[in-house]
Amino acid sequence: MDIQIKEEGEYQFIDEGQGEVLLLLHGLFGALSNWGGVVEAFSKDYRVVIPLMPIYEMPLHKASVPGLVNFVEGFVRFKGLTNLTLLGNSLGGHVALVYTLDFPNQVKRLVLTGSSGLFEDSMGGSFPKRGNYEYLKERVEYTFFKPETATKELIDEVFSITNSNSKCMRIVTIAKSAQRHNMAKDITRIQVPTLLIWGLNDTITPPHVAHEFNRLIKNSELHFIDECGHAPMMEQPDTFNKILEKFLHKEVKQLEQTHWV
C-alpha cells in the first residue's frame, strides 16, 4: 500500500480511509511508518490518521508530555476530528492517556501498547553516546524481541537523529518529562473502554507495567503477545491487528445492543 504523507498548515500527517477515526500516536523515536501495518489493515473500514509529532523541532521550553498533548489537541481541532479511538505506543501512549483525561468527550476508546506513564527503562535518558553506531544499533535492537526487526534503515534514521545537538536536547528533555510525569493517581479516572496490547518480552515497559495499567484502568482488558518487545504493531503486526479488530468489533456490538435495549 502506498501511504502518502500530507501537509496542511503546520502539520504533516497520514490520513487514509473513511469512517470512524483511529488516531495513532508514535513514540519518542517513532515515525509514521511504525503504524504501517495498522494503516494497511484498517483503512479499508476506518479513517486512520497519524500526525507526525514535532518531537525534534518543538521549542525547547515546550518539549514535554504536556507540550505534545497541546500539539495533538491543536491537530485534532485543525482537522475537525471527533469521537476518536486513540492509539498510542510508548511515549505516544503517555500522550494519549493525558489527552483522554484532558478531553474525555473526544475519546471513545483508548488503545495502549508499550505505553509510558507508569514506568519505563527509557532509551532517551541514556543518550547521547553520539557517533557510536554500534552502541546505537544495540539500543535500537533492544527495543525488539527479534533484533532483525530493527532494520538498517531504522537504525540509520535514529543514528542521524542522535547526531543532531538540538534533536538530542529535545529527546532528553521530553524523556525526562515523561519519567517525572507518573500517572498512577490520574489514570483511575479513565472511564472509556481501554485495550492494552503488550509484548511479553518488552524490556522498556515490562509486563508488570501492563498488569499495573490493567489494575488501575477499570474498564480495560490486557492481551500479551509472545516473542514480542516494545512495539507490537511493528514486530507482530498480524497478531496485533487481530486483537485490535476483535476489540473494535466487540465495542460496536455492545453499543448496538445498548441501543436495541
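Select from the range 1-35 the residues that are of a type in the set (Asp, Glu) and assigned to a loop (DSSP other than H, G, I, E, B) and write down the one among them that is nearest to ILE55 (Cα to Cα).
Looking at residues that are of a type in the set (Asp, Glu) and assigned to a loop (DSSP other than H, G, I, E, B), I get GLU10.
Taking the condition closer than 17 Å to MET53 by Cα, in a helix (DSSP H, G or I) and among the small types (Gly, Ala, Ser), does GLY92 pass?
Yes, satisfied.
What single numbered condition from (1) surrounded by 15 or more Cβ atoms within 10 Å (Cβ to Cβ); (2) within 19 Å of the chain's Cα centre (by Cα); (3) farther than 16 Å from ALA31 by Cα fails to hold for VAL140?
Checking VAL140 against (1) surrounded by 15 or more Cβ atoms within 10 Å (Cβ to Cβ); (2) within 19 Å of the chain's Cα centre (by Cα); (3) farther than 16 Å from ALA31 by Cα, the one that fails is (3).
I need the full set of residues from the range 37-65 which are acidic (Asp, Glu) and assigned to a helix (DSSP H, G or I), in order please.
Across the range 37-65, the qualifying residue is only GLU40.
Could you look through the range 170-185, keep only residues that are open to solvent by 80 Å² or more (accessible area, probe 1.4 Å) and over 18 Å from the mean Cα position of the chain (by Cα), and pick out the one that is nearest to VAL209 (Cα to Cα)?
Looking at the filtered set, the residue picked out is LYS185.
Looking at LYS79, LYS108, LYS167, which one is closer than 24 Å to LEU222 by Cα, surrounded by 15 or more Cβ atoms within 10 Å (Cβ to Cβ), touching a residue at least 12 places away in the same chain (Cβ under 8 Å) and basic (Lys, Arg)?
Answer to the selection: LYS108.
Among the candidates LEU52, LEU84, single out the residue that is within 15 Å of the chain's Cα centre (by Cα) and surrounded by fewer than 21 Cβ atoms within 10 Å (Cβ to Cβ).
Unique residue meeting the criteria: LEU52.
Out of (1) open to solvent by 10 Å² or more (accessible area, probe 1.4 Å); (2) touching a helix residue (DSSP H, G or I) at 6+ places or on another chain (Cβ under 8 Å); (3) within 27 Å of GLU138 (Cα to Cα), what's the single condition that is false for ILE155?
(1)
Which members of the range 1-47 meet the condition of being within 23 Å of SER64 (Cα to Cα), of a type in the set (A, V, I, L, M, F, W, C) and open to solvent by 30 Å² or more (accessible area, probe 1.4 Å)?
The answer is PHE29, and nothing else.
The values are calculated or read from the model by the stated rules, or taken from the named source; none is laboratory data. Please read these numbers as outputs of a predicted model, since none were measured by experiment. Positions of Cβ are generated from backbone atoms using ideal geometry, with glycine treated the same way; all protein chains shown enter the neighbour counts. These accessible areas exclude ligands, DNA and RNA; they are computed on the full protein's heavy atoms, side chains included. Shrake-Rupley method; radii C 1.70, N 1.55, O 1.52, S 1.80 Å.
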